[in-house]
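Below is one structure; the comments refer to it alone.
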Amino acid sequence: MAETLEFKAELKQLLHLITHSLYSDREIFLRELISNASDAINKVRFDSLSHADKLEGNTDWKIKLTPDAANNTLTISDNGVGMSRSEVIENLGTVAQSGTKAFLEAAKRAGKSSEAPGLIGQFGVGFYSAFMVADKVTVVTRPLGSTPAEATRWESDGQGAYTLEAAEKPGRGTDVTLHLKDDAKDFLETYHLQSLVRKFSDFLEFPVVMDTEKEVDGKKEVTEETLNTRKAIWLRSKSEVKPEEYAEFYKSIAHDSVPPAEVIHYAAEGKTEFRVLAFIPGQKPFAFDWQEPVGGLRLYVQRVLIMERCEQVLPFYLRFVQGVVDSADLPLNVSRELLQQNPLLDAIQKSVVKNILDTLAGMKNIEFDKYLTFFKGFGSVLKEGLSRDWTNREKIADLLLFESANTEAGKFTTFAEYVSKMPADQTDIYYLTGESPEQLRKSPYLEAFRAKGRDVLLLTDPVDEFAIPGLNAYKGKPLKAADRGDTPTGDEVPADVKEQFAAVLGFLKEKLPEVADVRLTTRLTESAACLVADGAAVNAHLERMMERMGRDTGANKRVLELNPSNAAVKALRELFAKDAADPRIEGYGRLMFEQSLIAEGSSVPDPVAFARRVNELIMRDAK
Ligand code: ADP
């Protein structure tokens, strides 16, 4: 006789939420049910020695999927620990787990049930997720140490009540049968089930099997096919894994044809226990820059995939790393609840980041060519960490490679090397940003530094514009842009020279509304003029980047700096002294501004007028 029992209040709310919402990632029900089955097998296997007599030889551990198209059902069976009648009531009729409560609270906070699927994924309300795809669920279960007649059948449509009755079951364990909803029939298809098992449960210790029909010698034969590879190589110790196995595994998770540059494999023991198997790719994936990130660390709990890209364990600036983290310290039912606030994940992240940065440092010191390939591919991504990861910024800074005014083209220096070569009177580290090292090497901004024997780092990644000022200093040495602010070399223009030029500078400032100011500089030793960014103004390279992004930079003005020892600048002053009303002075001033734009790599706003001014000079010379 079947007995009807009511679900406890909270469970009713939960089931309502599950059955009355549309779920985009409802496929996770399969992960949940397979995980439960695997837990049940683990429980019975755990101290099987102590109850060996009760096992009845049923120790061929496996989880079986049986799709039945005729009846529209999918059954997940295990030969695990099973449940007694009272355990069924306790486990499947009440909210025993705090996870379910936490889920409900979060779902209430989230308000709309459309956000619920993501939450279900995070919290893993386990068994009840079956109602996402089924309008009726039947569980037949027989506990360890019972007779076939001592099984229990539980059945519910997820609407508030369930029935219980005695049942017969030949073997120990649990069969969960889902009567699939009309729109969930695709979960009967072999390939779909195969791919889901591959996705979520590929590395599960126990085989997940399914009967498949094959034709052998014209006759149809049913064979039991194992759907998961079960090769969780991260659980083995490093000494037992062959390089080919690492490469093979890497290829399978990263879909990369080139073997990894580095393998990071370790087990953390102590207060928190977890295993990490991570890879530094050997090449930059083709679509890395414009595709959604495909790297990252997958989070497993006892071989079951919990999250495909877990940012809590791998910060975004290391997104080129591929691999897995597995922690048995996050028991399945706890792990999926409040995952975000779990302090264990912070501990894992700290350890993972340290190991990755140390590995990169080792690679840089020992196998520089390999490191160079890595850096050319991912250096710009790594640099994002300078402003995002404050604890590790010095470590990241030490991993950076730069071309500089003093390096040969294609050769690199580092912050440490730069500092070691600084002349005694140099206190700051100088850098210049732009599109290419070749162009920057010819830049007028380098003149005074060169004259003083000081090197300038040449930065050409767009991210440098933010990352390097974000770093601010390296080992106490301030980082200064060569095209910003006062002359970084600290030399002053003598007061008498300033006085001689005061009037012409004032005149030019009036005639050149495009610039914020016109002043003398010691920044230049050869060139006549350049533009520098003062205060909040942006420099030329950033301005060009913003323009390419369609940002308005209209109000941005730089300062025009003139070199008082340059012959052309001197000539301009003399011309002004002779006749301040000479119309050529304005034209020459404009040429000073325009040549500065060209020198900084920007374009001249009115090229036709510029050409005319130059041509006038040519004609005058010919007279
Ligand atoms: P969780 O797995 O997070 O504890 P579930 O709602 O998935 O929550 O399951 C509730 C409980 O029901 C489990 O803790 C377990 O004790 C029991 N259970 C579920 N599935 C099985 C199974 N296949 N075999 C034995 N017990 C199970």
Item to check | Test for residue 42: is it closer than 25 Å to residue 169 by Cβ, at pLDDT 85 or above, in contact with an Asp or Glu (Cβ under 9 Å, 6 or more places away or on another chain) and within 12 Å of the ligand (Cβ to nearest atom) | outcome: no
Item to check | Pairs where the first residue, in region 180-191, is in the same structural domain as residue 132 (by TED's automatic domain parsing) and under 14 Å from residue 66 (Cα atoms) and the second is outside any helix (DSSP H, G or I) and open to solvent by 70 Å² or more (accessible area, probe 1.4 Å), C-beta under 6 Å, 6+ apart | outcome: 188/69
Checklist entry - Being within 16 Å of the ligand (Cβ to nearest atom) and in a strand (DSSP E or B), is that true of even one residue in region 179-193? => result no
Checklist entry - Can residue 330 be described as within 16 Å of the ligand (Cβ to nearest atom), open to solvent by less than 10 Å² (accessible area, probe 1.4 Å), at pLDDT below 95 and of a type outside the set (S, T, N, Q)? => result yes
Item to check | Criterion (under 22 Å from residue 197 (Cα atoms) and open to solvent by 90 Å² or more (accessible area, probe 1.4 Å)) met by exactly one of 225, 248 | outcome: 248
Checklist entry - Considering 421, 395, 411, which residue is within 24 Å of residue 321 (Cα to Cα), without any contact (Cβ under 8 Å) to a residue 40 or more places away in the chain and of a type in the set (Lys, Arg)? => result 395
Checklist outcome for this item: Of the candidates 105, 168, the one satisfying the condition of being away from the ligand (no atom under 14 Å from the Cβ) and at pLDDT below 80 is 105
Item to check | Among residues of region 136-152, those that are part of a strand (DSSP E or B) and either open to solvent by less than 10 Å² (accessible area, probe 1.4 Å) or within 14 Å of the ligand (Cβ to nearest atom) (or both), counted | outcome: 8
Item to check | Answer from 591, 531, 562 - the residue that is modelled with pLDDT under 95 and either within 24 Å of residue 446 (Cβ to Cβ) or within 46 Å of the chain's Cα centre (by Cα) (or both) | outcome: 531
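The values are calculated or read from the model by the stated rules, or taken from the named source; none is laboratory data. Since we're looking at a predicted model, the values are computed, not measured. With ideal geometry, Cβ positions are generated from the backbone for all residues, glycine too; neighbour counts draw on all protein chains shown. Heads up: the accessible areas ignore ligands, DNA and RNA and are worked out on the full protein's heavy atoms, side chains in. Shrake-Rupley method; radii C 1.70, N 1.55, O 1.52, S 1.80 Å.
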